[in-house]
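Taken together, the values in this text are just the output of simple stated rules run on the coordinates, not laboratory data. A quick note: this is a predicted structure, and the numbers were derived from the prediction, not measured. With ideal geometry, Cβ positions are generated from the backbone for all residues, glycine too; neighbour counts draw on all protein chains shown.
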Amino acid sequence: MTAAAPATTMSGRYQRAFTVAVVFLVAGWHLVGAGGQLLHNRQDYASFAFQGAMWLVMALAITAGSILVMRGTPSWRAAWAVAVVALAASTAAAAASPAGEMLAVNWAWGSAGWTGVLVLLRRRFAELAWFLAAEALATLGVQVWDGLTRTDLAGFLAVLAWSTGAQVAVAAGVRALDLAAGQAATAVRSEHAARERAAGLNEVLEAAGVPFADGGVLYGEWSEQWGRVATGQLLDRCPDTDAIFCGSDQIARGAGDALRSAGRRVPDDIALVGFDNWNPMVRGSDPPLSSVDMCLEDVGRAAAEDLLAAIGGEPARGVRTVPCRLVVRESSAPSTVKAGDPGHNR
């Protein structure tokens, strides 16, 4: 359990870094992009003061949204409250722009879209899509009210394509990076578990005076495919191998497939043992798979006991471990286990 914390922390740090990057992007866009456009076109507005007020409202929405996302994924009410404020400010600024020049002088469309990206980034992607669609329709509605021409429509579609396209691309990119960070954290946790299991096996083999095959442990993903690949590599390197211990039952199932394909009998030629004692895997294997049972029911019972003790004012200290047990089946002991036998504990 202790190894999962660093991996989870690292994943969280990456996600926080991605969030900070989006905050800087949105704030920079509003300050430099929208603010620069507002100042550049200040002579064209009927009321520069009103446009400035809407810019400040948008800035406050971005500030509030930044605070929300830095604290975690905001609730839908908080996220949409900020998004609606940004949408209203954007629509009001567009409506107050000179007729026929709205697209040329409208600073607010981009800022509102990026504000939506900020607060809806890690919520359902459909929510961001709905917001961007609502913003585009509101802007188009203002154009229709002012008298939409073919040239105006073409300009609207061009801005829609690059502005909304960029916002969707950034949102999708950050989500992909979040996924990659989560997968990396999972890989770290899986690698630690594999190394812990290999270390335990090494201790047992050293005590029995049995050496590892040349090259030691092979590490890979927790899948049947890796079991097949690793077994092929092992047999090529050490054809006289007489036993294989796998870090999971899935890997062991794949190893069994590879052994059958190579014409090796289990367990007569090579004994095979998995880890997890996962019933669908161990019972469905041919022959039934010997496996290490982590006694998860005992782990849960021990955790509940410690929790109740802590509630009662007697918290446990340090790390508490629960012994595993080897469940022997036909893949490693044909002479002592009958077909269909649920296994013997050791």
**Request:** Please note which helices (runs of 4 or more DSSP H) are completely contained in the range 105-182 and include at least 3 residues that are out of contact with any strand residue (DSSP E or B) (no Cβ under 9 Å at 6 or more places or on another chain) and under 23 Å from residue 57 (Cα atoms).
**Result:** 108-120, 125-146
**Request:** Take the range 106-116 and flag every residue that is under 15 Å from residue 166 (Cα atoms) and buried (at least 24 other Cβ atoms within 10 Å of the Cβ).
**Result:** 109, 111, 112, 113, 114, 115, 116
**Fill in**
Exactly one of 124, 175, 150 is surrounded by 14 or more Cβ atoms within 10 Å (Cβ to Cβ) and among the basic types (Lys, Arg), and that residue is 175
